[in-house]
1. Arrange Glu78, Glu150 by Cβ neighbour counts within 10 Å, fewest through most, would you?
2. Cβ under 14 Å from Asp87's Cβ, Asp87 left aside: what net charge do those residues give with Lys, Arg +1 and Asp, Glu -1?
Amino acid sequence: MLKGIALASLSILVSASVSVWADDGASLKQKLAQLDNLKANFSQTVTDINGKTIQQGGGTFALAVPNQFYWHLTQPDESLIVADGSDVWIYNPFAEEVSVMDFNQAIEASPIALLVHRDEQTWDRYQVSAKGDCYQILPKADDTGVTQVEVCFKGQTLTKMQLDDQQGNTSQFILSGQQSLTSKDKQLFQFIVPEGVDIDDQRLNALN
């Protein structure tokens, strides 16, 4: 359950025509270009297909371009996601297990990767449409487990991320206290495997 929610969190990042996607995708890119690094707190609410709340929590979120991401859920149960630029580490302290995958694998599973990835080939996998201060992001493929991601802004501040999955669950994240990263914060993107923790290495080069 924790791993699934952690992946859903990473995945955070109405079908539109190609011309609408091009316009709104460019607008979203422009917004994100102003957010090449940030740190914020978040509160999380997960609801099921009937709108019933099934989990609430909170933690700390940070990102830096290119391809660095930090997501530390502290309540109700701890989990940690760290993207260090090449690999993504998903750590479950309770199970004493960490999974690691290539960053490109995470991109395929998670539209939220658009927040830290500027590659045109990656953006071509999604359709983007603007609605007020929010952008709806739809995967073009139907094998991601995610049906829609929404990101919202107030000026240049990222205020909300919402993810809908194929099971009908909605994960909403409200951000607060956004600030730029300090030099000390850069260590957030360096994951050190704790002693005695099992490693599930899912990287493609490890499977070959």
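1. Ordered from fewest to most neighbouring Cβ atoms within 10 Å, Glu78, Glu150 come out as Glu78, Glu150.
2. Summing Lys and Arg as +1 and Asp and Glu as -1 gives -3.
No value in this document is a laboratory result; all are computed from the given coordinates. These numbers were taken from a predicted model, which means no experiment stands behind them. Every residue, glycine as well, gets a Cβ built from its backbone with ideal geometry; the counts of neighbours run over all protein chains shown.
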